[in-house]
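The structure under discussion appears below in the form of structure tokens.
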Amino acid sequence: MDQIPSKKSQKIWIAVGLGVFLGFSVFTFFYAKGLSYLSTNPEACANCHIMNSQFDSWTKSSHHTVAVCVDCHLPTGFVDKYLAKVENGYRHSIAFTFQNFHEPIQIGKRNSTILQENCIRCHQGLVHAVLSTKEQHRGDVSCVHCHQGVGHGEYVGLGKVSQSRGGP
């Protein structure tokens, strides 16, 4: 005869399930160096080995003394910055866990818009004549079209300079 589980045993199973879930979550958070992603330290971006070439090329770039990863790749507002960190972290963790990402790493449309806005914000005095209206800087004009190597130096992929872009 089938027995209906008592309320007490149901609560125990729920507690065990939650305990296992929380245990795995805490382990994964610390194993993945989760606290480092709350900082602005560029080394956090190189926690995943796939980003080592981007980190290494940034250290040799013209911007490494004046800008860190978050200065270019995240919005400036506190709430917007941490929402973007959460969104990027989720997408990156899924992509890296399941090895479902383009190589070399490519910036997405939303992050490309953030990058463009940050270029203009930092270099507003220099680009005023080129970008006289909001429509122009949100349209076809892209800073990285001409200045692709500024933040990361030479175009990189698979841990080396790409052969197709004039590398060794």
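Observations on the model:
- In the range 97-116, the residues that are among the small types (Gly, Ala, Ser) and more than 28 Å from Tyr31 (Cβ to Cβ): Ser112
- Those helices (runs of 4 or more DSSP H) lying entirely in the range 2-73 with at least 3 residues at pLDDT below 85: 7-31, 52-59
- Within the range 14-45, the set of residues being surrounded by 11 or more Cβ atoms within 10 Å (Cβ to Cβ), of a type in the set (A, V, I, L, M) and closer than 14 Å to Asn88 by Cα comprises Ala44 only.
- Residues of the range 74-106 satisfying the condition of being surrounded by fewer than 14 Cβ atoms within 10 Å (Cβ to Cβ) and part of a loop (DSSP other than H, G, I, E, B): Thr76, Gly77, Phe98, Gln99, Asn100, His102, Glu103, Gln106
- Selection from the range 122-148 of residues that are at pLDDT below 80, loosely packed, with under 10 Cβ neighbours inside 10 Å and under 20 Å from Ile107 (Cβ atoms): Asp140
- Within the range 10-37, the set of residues being free of Cβ contacts under 8 Å to residues at least 40 places away in the same chain, of a type in the set (A, V, I, L, M, F, W, C) and under 23 Å from Ala84 (Cα atoms) comprises Val26, Phe29, Phe30, Leu35.
- Of the candidates Ile12, Ile94, the single residue that is outside the structural domain of His152 (by TED's automatic domain parsing) and over 30 Å from Cys146 (Cα atoms) is Ile12.
The values are calculated or read from the model by the stated rules, or taken from the named source; none is laboratory data. Fair warning: this is a prediction, and the values are worked out from it, not measured in the lab. FYI the Cβ positions are ideal-geometry reconstructions off the backbone, even for glycines, and counts take in every protein chain you see.
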